[in-house]
Structure formats: structure tokens, C-alpha cells
Amino acid sequence: MTILPIVWAPDPVLKIKCLHVNSVGEAEKQLMKDMLETMYNAPGVGLAAPQVGITKRIIVVDCARTDEPPAPYKMINPELIDTSKEEIINEEGCLSLPGHYADVSRPSTARVRYLDENGNQQIMDTEGLLAVCIQHEIDHINGILFVDHLSSLKRNMILKKMVKAKKER
Ligand code: GNR
Ligand code: NI
């Protein structure tokens, strides 16, 4: 049982294009377990490896509602192989930008290809919050934050507040 410290923006590790994982070993499995615990503890509905300082293409998500059983997904090298032309606007937050929320428009459905923890390729069709969350997490492993989808005015306002919050952390 390990809760990992979450990196707050601005931080160079959150800007890095993370590395493709070539084989799924014990280190990756342990990391995904710890990431899920860290995510549930926060609490959040998704977490990407760079948010805990690891620059690997690994994400975890659980977008089940509180009245539903848990639905954790561990995804290695996740890729969007198809996205809808139709977009939805959703209010996003991020554990690396605590206390900040803004509307972001993204494709409303997404087909994602990834390796599961056994190294088997999976393809999943997603919609709603799960589609949004997976796109948010794939952005993270490409060094992109939700504020990068906003105007530079809104982005800089939030990042300036984060610099202050980090000094007071
Ligand atoms: O917990 C989270 N909630 C959330 C809400 C709307 C869109 C995306 C997210 S992901 C976020 C956790 C997080 O920062 N993942 O990287
Ligand atoms: Ni995030």
C-alpha cells in the first residue's frame, strides 16, 4: 500500500513526452497498483505516470459512479485509434492543478488501444466521462495539461496561482 506524492504544475516532468513501454514487468505492475491507490486516495478518476514523476506511457482510470462497483483500468502505451467528429464540453480538473477547473471541448467518443497488465493488446470503445478522462490522461503522457486547451490568458492565470500555491505547500 503506497500513496505516491503527486507532482503539481508547473513542473518540467509534466511537460515531457513519456517513453513507450517495451515490456510489462513487475516494476510496471507495482507502479499501476500504487497509481490506482494514489488516485482513489486523492480522490480522482484518472492518473498518469508523469503525475507521480515517472515518464512512462502508463495511465490508470476509474470513472465508475459512486453507486456503481469500481471499474479500474490499467493502460500501458494507450493510443487513440479513432475519435468522433462530434465534441462534448466537460468541466475538467486535474490532480496536478488542484482547485482549478475549466470547460474543455474534446471528441465525445474514442476508441483506445492499449496493453493490459498481462501485456495483452486491448481495444475499448469509450464515451462520456470515461472518454474524456482517457483523453485527459493520454494528453498527460504527451506532456499536455488541460490548461493547454484554454486561452493563454486563462492558462497563465491558473499557472500563476499554482506557482503561489506551491510556495505555500
Ligand atoms: O480526477 C479527475 N477528474 C477529471 C474530471 C474531468 C476531466 C478529467 C479528469 S481527470 C482528474 C484526475 C487527473 O488529474 N488525471 O490526470
Ligand atoms: Ni490530470
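The values are calculated or read from the model by the stated rules, or taken from the named source; none is laboratory data. Model, not experiment: these values are computed from the prediction. Glycine also receives a Cβ, built like all others from the backbone with ideal geometry; neighbour counts cover every protein chain displayed. With ligands, DNA and RNA removed, areas are computed over all heavy atoms of the protein, side chains included. Shrake-Rupley method; radii C 1.70, N 1.55, O 1.52, S 1.80 Å.
Summary of computed values
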item: Filter result for residue 97 (away from ligand 2 (no atom under 12 Å from the Cβ) and surrounded by 22 or more Cβ atoms within 10 Å (Cβ to Cβ)); result: no
item: Residues located in region 60-94, provided they are polar (S, T, N, Q) and surrounded by 12 or more Cβ atoms within 10 Å (Cβ to Cβ); result: 77, 83, 84, 90
item: Meets criteria (of a type in the set (S, T, N, Q), within 15 Å of ligand 2 (Cβ to nearest atom) and open to solvent by 30 Å² or more (accessible area, probe 1.4 Å)) for residue 120; result: no
item: Residue list for region 1-28, filter: buried (at least 19 other Cβ atoms within 10 Å of the Cβ), within 15 Å of ligand 2 (Cβ to nearest atom) and part of a loop (DSSP other than H, G, I, E, B); result: 9, 18
item: Wholly enclosed strands (runs of 3 or more DSSP E) of region 86-152 bearing at least 2 residues closer than 17 Å to residue 56 by Cα; result: 109-115
item: Residue check for residue 102: over 14 Å from the mean Cα position of the chain (by Cα), open to solvent by less than 30 Å² (accessible area, probe 1.4 Å), among the aliphatic types (A, V, I, L, M) and more than 9 Å from ligand 1 (Cβ to nearest atom); result: yes
item: Residue count, region 47-59 (criterion: open to solvent by less than 10 Å² (accessible area, probe 1.4 Å) and either under 17 Å from residue 114 (Cα atoms) or assigned to a loop (DSSP other than H, G, I, E, B) (or both)); result: 5
item: Selection status of residue 31, assigned to a helix (DSSP H, G or I), out of contact with any helix residue (DSSP H, G or I) (no Cβ under 9 Å at 6 or more places or on another chain), in contact (Cβ under 8 Å) with a residue 24 or more places away in the chain and open to solvent by less than 30 Å² (accessible area, probe 1.4 Å); result: no
item: Test: residue in region 130-142 that is open to solvent by less than 30 Å² (accessible area, probe 1.4 Å), touching a helix residue (DSSP H, G or I) at 6+ places or on another chain (Cβ under 6 Å) and among the aliphatic types (A, V, I, L, M); result: no
item: Subset of region 100-113 [among the aliphatic types (A, V, I, L, M) and away from ligand 2 (no atom under 13 Å from the Cβ)]; result: 110, 112
item: Residue pairs meeting the criteria (Cβ under 9 Å; at least 6 apart or on separate chains; first without any contact (Cβ under 8 Å) to a residue 24 or more places away in the chain, in region 95-106; second loosely packed, with under 12 Cβ neighbours inside 10 Å and not in a loop (DSSP other than H, G, I, E, B)); result: 101/91; 103/89; 103/91
